[in-house]
Amino acid sequence: MKQIWFKKFVWIYLPVHPMGILITFLAILFLVPVYIAIVRNGHSVSDDLYQMFVYTTCTAFWWKWVAEKTN
């Protein structure tokens, strides 16, 4: 039997299972210290945004892949 962790709502995925909530929380938990380190060591706003973009898109693609597979 397939476990449903995420439910598709229009064009986003909502976590509906504790594992889906855990995956979402871990993705956010990963990004918070990354953002803090980027802002602390950054030289300009555009430099910070470029670095944040890389980590955010990689994490978002990973999260979306998990959401699609467990939908």
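Read-outs throughout are calculated quantities, based only on the coordinates presented, and are distinct from any laboratory measurement. Keep in mind that what you see is a predicted model, and the values were worked out from it rather than measured. Every residue, glycine as well, gets a Cβ built from its backbone with ideal geometry; the counts of neighbours run over all protein chains shown.
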All but one of (1) assigned to a helix (DSSP H, G or I); (2) touching a Leu at 6+ places or on another chain (Cβ under 7 Å) hold for Thr57, so report the exception by its number. (2)
So, in the stretch 38-52, of the ones that are surrounded by fewer than 11 Cβ atoms within 10 Å (Cβ to Cβ) and polar (S, T, N, Q), which residue ends up nearest to Pro18 (Cα to Cα)? Asn41
Please indicate, with yes or no, whether at least one residue in the stretch 31-41 is within 11 Å of the chain's Cα centre (by Cα) and either outside any helix (DSSP H, G or I) or on the phi < 0 side of the Ramachandran plot (or both). yes
From the list Tyr13, Tyr55, Tyr35, which residue is in contact with a strand residue (DSSP E or B) (Cβ under 9 Å, 6 or more places away or on another chain), of a type outside the set (A, V, I, L, M, F, W, C), touching a residue at least 12 places away in the same chain (Cβ under 8 Å) and surrounded by 11 or more Cβ atoms within 10 Å (Cβ to Cβ)? Tyr13
